[in-house]
Amino acid sequence: MEARSVADRYYAGLRARDLDAVSATLAPDVRVEVPGATFDGPDPFRGWMQAFFDAFPDIEHVVDRLDAHGSTAEADLRVTGTHTEPLVGPDGSIPPTGRRMELQAHNQMEIRDGRITSVSIAYDPADFLRQLGLGP
């Protein structure tokens, strides 16, 4: 039940666009894998999320399914938003396109001692770029 409670708090923080609440669910040594990057520790992951919150001020995370068993949780969610501000990343900045996106994402988490120790976030980055008008 602990995994479910921690995951619920993590997604409540995302829904509220509250990165302090999200960070509070992460272990100090959390490892996060996203397409094209791995983050060690909460701060680099928070920076990655902040870039999306800044670029998509109306971003929403809708959890369609959340399962938790033992020390693991996994979720399917939809991430929607309108690209109205620059999306700043390590390779530069993508100017606002004004386009809406709706991504399907799958998250897997390991949870120990009331904190998330690892997160794997899967989504299709090519689909993301296409939706912004930046890919074929």
- Rounded to the nearest 10 Å², the accessible area of L19 at probe 1.4 Å: 10
- Message: Testing the spin-label approximation: label points 7 Å from Cα along Cα→Cβ at Q108 and L129. State their distance in nm.
- Response: 2.5
- Report, to the nearest 10°, how far helix 2-15 tilts away from the longest principal axis of the Cα atoms in the chain, using its own Cα long axis and a range of 0 to 90°. 20
- Hey, if you put +1 on the Cβ of every Lys and Arg and -1 on every Asp and Glu Cβ in the chain, which of V22, F39, L103 ends up farthest toward the positive end of that dipole? L103
- Item | Accessible surface, the chain, averaged per residue in Å² (probe 1.4 Å) | 52
- Task: First compute the accessible area of the chain with a 1.4 Å probe, then give the percent of it belonging to carbon and sulfur atoms.
- Result: 50
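Treating the beta-carbon of each Lys and Arg as +1 and of each Asp and Glu as -1, no other charges, what is the dipole magnitude of the chain about its Cα centre, to the nearest 20 debye?
The dipole magnitude comes to about 200 debye.
Quick check on segment 2-72: take the gyration tensor over C-alpha atoms, sort the square-rooted eigenvalues as a ≥ b ≥ c, and tell me if it's rounded (a/c under 1.5), prolate or oblate.
Oblate, since a/c reaches 1.5 and b/c is not below a/b.
The values are calculated or read from the model by the stated rules, or taken from the named source; none is laboratory data. From a predicted model like this one, the values you see are computed outputs, not experimental measurements. FYI the Cβ positions are ideal-geometry reconstructions off the backbone, even for glycines, and counts take in every protein chain you see. To get the accessible areas, we keep the full protein, side chains included, count just its heavy atoms, and leave off ligands, DNA and RNA. Shrake-Rupley method; radii C 1.70, N 1.55, O 1.52, S 1.80 Å.
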